[in-house]
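Below is one structure, written out as structure tokens; the observations come after it.
The values are calculated or read from the model by the stated rules, or taken from the named source; none is laboratory data. A quick note: this is a predicted structure, and the numbers were derived from the prediction, not measured. When we count neighbours, we look across all protein chains shown, and the Cβ atoms used for this are built from the backbone with ideal geometry, even at glycine.
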Amino acid sequence: MNIYISGSMAYDRIMDFPGRFSDHILPDKIHILNVCFTVNGMREKFGGTAGNVAYSLSLLNEKPVILGTIGKDYANYFEWLKKNNISLEGIKIIDEEFTAGAYITTDKADNQITGFNPGAMKYQADFRLPKANPEKSIMLIAPGNLQDMANYAEECKNKGIDYICDPGQSLTAWEKEPLKEWIEGSTMLISNDYELELVMKMTGMNKKELLRLTKTIITTLGEKGSLISTDESDIKIPSAKAGDVVDPTGAGDAFRAGLLKGIATGKDLETGAKMGAIAATYAIEKYGTQEHSYTYEEFNERYRSNFGEM
């Protein structure tokens, strides 16, 4: 199956502050805040919604096509993608911008301060979908350039291609009617429980009403698993057992990769969500969103040990 992933490409610059932010912020002086946190160094990791999902899909023996933009500092990321057999055909280089970057500083109490530069993500990828068999194609529209998100949904509708709405961090940029139009006609809406509440508030629709716009709603619930909702029923999917939890960042993107693998191989949604749960366990066992690694055989064995045979 042709799997298209629309979303962001980014570098995550991760820093640790060896103290507590609260010790250096005076509550009565917040209106004139001026602080500097000296960190213990910086680690650069590959990230972005499209990059993260595509990476986990490559571990699952799929060949996804990323639709997104990247900046003039693309060389290291392209080398990484090539190493993992991920196509570059849908990635547009923006020569006058840097790649989108998240600058994340975490203190000893696990509080975070993040600065985000959208960089190349301010530009559209403008990739046109080939005349592929709609029955053998699916697209995940993840957070990225907002116009791309809207345009790809419209293109999928026109070409009869199933697409999954994954609004995530983009929600604050949407208006009510465009958001409803984006979701309407999709095969699925996927989000965590907080994001789903925000979607309902923004659209003025409850869950039952949203299911008139999309066929299925999958809600991820962290360590509580996930919930598959359709007009007929709600199916609770348990989480899978992980080893040592090092960093929960990237679990959601890995979940989406496992789910897409299930869909691509003709599994039912319940099995697909369980595959997503397994993929998420690998991500949280490593620090960073593309640091985990496994073979498909190892993945299947972990699936069997958690859920039995597929």
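Checked against the criterion of being without any contact (Cβ under 8 Å) to a residue 60 or more places away in the chain and assigned to a helix (DSSP H, G or I), the stretch 93-112 has no qualifying residue. The requirement of being of a type in the set (A, V, I, L, M, F, W, C), touching a residue at least 24 places away in the same chain (Cβ under 8 Å) and over 26 Å from residue 284 (Cβ atoms) is satisfied by residue 65. From 78, 98, 116, which residue is of a type in the set (A, V, I, L, M, F, W, C), under 21 Å from residue 290 (Cα atoms) and at pLDDT below 95? Unique residue meeting the criteria: 116. The residue that is nearest to residue 106 (Cα to Cα), counting only those in the stretch 27-43 that are free of Cβ contacts under 8 Å to residues at least 24 places away in the same chain and surrounded by 10 or more Cβ atoms within 10 Å (Cβ to Cβ), is 35. Scanning the stretch 49-59 for residues that are crowded, with 24+ Cβ neighbours inside 10 Å and of a type outside the set (Phe, Trp, Tyr) turns up 49, 50, 51, 52, 53, 54, 56, 57. If the condition is being under 21 Å from residue 117 (Cβ atoms), in a helix (DSSP H, G or I) and among the hydrophobic types (A, V, I, L, M, F, W, C), then the stretch 54-80 contributes 75, 78, 80. Within the option set 223, 181, 197, being among the charged types (D, E, K, R), part of a helix (DSSP H, G or I), out of contact with any strand residue (DSSP E or B) (no Cβ under 7 Å at 6 or more places or on another chain) and modelled with pLDDT under 95 holds for one residue only, 223.
Residue count for the stretch 252-295 satisfying the condition of being small (Gly, Ala, Ser), touching a Ser or Thr at 6+ places or on another chain (Cβ under 8 Å), assigned to a helix (DSSP H, G or I) and surrounded by fewer than 24 Cβ atoms within 10 Å (Cβ to Cβ): 1. All told, residue 63 falls short of being more than 25 Å from residue 131 (Cβ to Cβ), at pLDDT 95 or above and out of contact with any Asp or Glu (no Cβ under 7 Å at 6 or more places or on another chain).
Would you confirm, using the coordinates I've provided, whether residue 170 is outside any helix (DSSP H, G or I), of a type outside the set (A, V, I, L, M, F, W, C) and crowded, with 20+ Cβ neighbours inside 10 Å? No, not satisfied.
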